[in-house]
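Here the structure is laid out as structure tokens; the discussion comes afterwards.
The values are calculated or read from the model by the stated rules, or taken from the named source; none is laboratory data. Just so we're clear, the structure is a prediction, and the values are computed from it rather than from any experiment. Neighbour counts are summed over all protein chains in view; Cβ atoms, including those assigned to glycine, are modelled from backbone coordinates with ideal geometry.
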Amino acid sequence: MTTPTPHHSASPPLLPGKGGQLSTQLQLSRLSLCRFRNYDQLTLCPQAPIVVLTGENGSGKTNLLEAISLLTPGRGLRGAPLNHFGQDGSAHWGVASHILVDGNPIELGTGLQSGTDSPRRIFLLNGKPLRNQNAWENPLAAVWLTPQMDRLFSESASGRRRFLDRLVMAAYPHHTRELAAYDRAMSQRNRLLQTRSHEQVWLSGLEAAMARHGVSVAAARNETVRQINLYAQQDMDAFPAVQITLDCAIADRLEAYPALHVEDWFKDRLLSTRHTDREKGRTSLGVHKSDFQLTDLKNQRPAALASTGQQKSLLIGLILAHARLVRDHRGTAPLLLLDEPLVHLDEQRRLSLQKILLTFQSTVLVTGTDCAPFAPLRGHAQFASIGQGSFLSIS
């Protein structure tokens, strides 16, 4: 693995407790990149709770946020394949970080392992390799907003589903494992229906796995949506109160029946649709078909029918409510990564967002093409200008 040389702490970190120790302070004290995207070597040492990154389009602002997002469960804020991260197609890249949780140091890193025929992503905790992200309790969570999310409510259900699952992962890291297990069982079932549909026992085993993991996925989505709706019932300064409504047959049944009952129902449905699914070449029922709707709670206007500016306001309201949920659930506020957050916002909401950021309880990284719109953060934030894969100025 190609990673920047970490600075090892003299004492082991203390991890935050679950559900009891609230308002624990989390600070990103150093981030180092090696051969990542357009960066050969780069080190950022935030000197303030808020870091404002400015530069022309294509300068690498989003790449830096993406590097941070890869330290959390999942595939980062772009969801890109592993071979897209290396600089100029390099097979080896690395991201290393030094994080303080209530003053206690933790080092997290990820990258591609070198010296193998097929490069494999590995993870480091305090310099020691881990089998995968699901093998440990990751002390870091991040919540992000990107310009691509502006199209969330005018595009396909699959994009909204991925967005929702990222919200779930930040509060429930095990959700990543359940999703992967469900997708694996579904892919195997689809393939088996096409090639050896007479293998009834094998199909039943795969459908049992889909039911078990699918119900777990639906339950985690249900609980996350329920809690976000509680946090989002009130306006957050200039941002409206919002409500999420899930569209999922399995999630709906979990509201009325025990999980084991829903598993049995799902298995029966999969059995009854084998012939249809074989003809279609895909599974027609399951959590991979779920969708959700976001609504302005005050006027009941769905985000899909709102203007671009209104959609952006609703999305920011949702992100802020979710960040509060993650803070209270995990005991530490997540890192907040906001890529071009002021675009499509009116002046009132621009000022409101920056006012909210001043009270956030962990490191916030914000990007923009120009530093002028972030004038209200002067004196409270560190400003860094990026160009050609390096810092042009830091103040």
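Residues in region 265-305 that are more than 22 Å from Ala181 (Cα to Cα), of a type in the set (A, V, I, L, M) and either in contact with a Gly (Cβ under 9 Å, 6 or more places away or on another chain) or touching a residue at least 40 places away in the same chain (Cβ under 8 Å) (or both): Leu294, Leu297, Ala303, Ala304.
For every residue, the table says whether it meets (1) hydrophobic (A, V, I, L, M, F, W, C); (2) in contact with a helix residue (DSSP H, G or I) (Cβ under 7 Å, 6 or more places away or on another chain).
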residue: Leu315; (1), (2): yes, yes
residue: Ile319; (1), (2): yes, no
residue: Ala323; (1), (2): yes, no
residue: Leu335; (1), (2): yes, yes
residue: Glu340; (1), (2): no, yes
residue: Thr359; (1), (2): no, no
residue: Val364; (1), (2): yes, yes
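Can you tell me how many residues within region 157-197 are surrounded by fewer than 18 Cβ atoms within 10 Å (Cβ to Cβ) and of a type in the set (Val, Ile, Thr)? Going through region 157-197 one residue at a time, the tally reaches 1.
Scan region 198-228 for residues that are surrounded by 18 or more Cβ atoms within 10 Å (Cβ to Cβ) and within 22 Å of the chain's Cα centre (by Cα) and the total you get is 14. Considering only region 305-332, state which residues are at pLDDT 90 or above and outside any helix (DSSP H, G or I). Passing the criteria: Ala306, Ser307.
In the set Gly89, Gly127, Gly115, only one residue is in the same structural domain as Asp40 (by TED's automatic domain parsing) and either at pLDDT 80 or above or within 19 Å of the chain's Cα centre (by Cα) (or both); that residue is Gly127.
When Ile99 is tested against (1) at pLDDT below 80; (2) crowded, with 20+ Cβ neighbours inside 10 Å, just one condition goes unmet, and that condition is (1).
Within region 148-170, being under 10 Å from the mean Cα position of the chain (by Cα) and of a type outside the set (Lys, Arg) holds for Phe163, Leu164, Asp165, Leu167, Val168, Met169, Ala170. Of all residues in region 244-253, those satisfying the criterion of being surrounded by fewer than 17 Cβ atoms within 10 Å (Cβ to Cβ) and either among the acidic types (Asp, Glu) or within 19 Å of Asp328 (Cβ to Cβ) (or both) are Asp247, Asp252. Does Ala238 meet the test of being among the small types (Gly, Ala, Ser), within 22 Å of Lys298 (Cα to Cα), in the same structural domain as Ile319 (by TED's automatic domain parsing) and surrounded by fewer than 20 Cβ atoms within 10 Å (Cβ to Cβ)? So Ala238 passes the test. Going by the conditions given, is Asn83 under 20 Å from the mean Cα position of the chain (by Cα) and surrounded by fewer than 21 Cβ atoms within 10 Å (Cβ to Cβ)? Yes.
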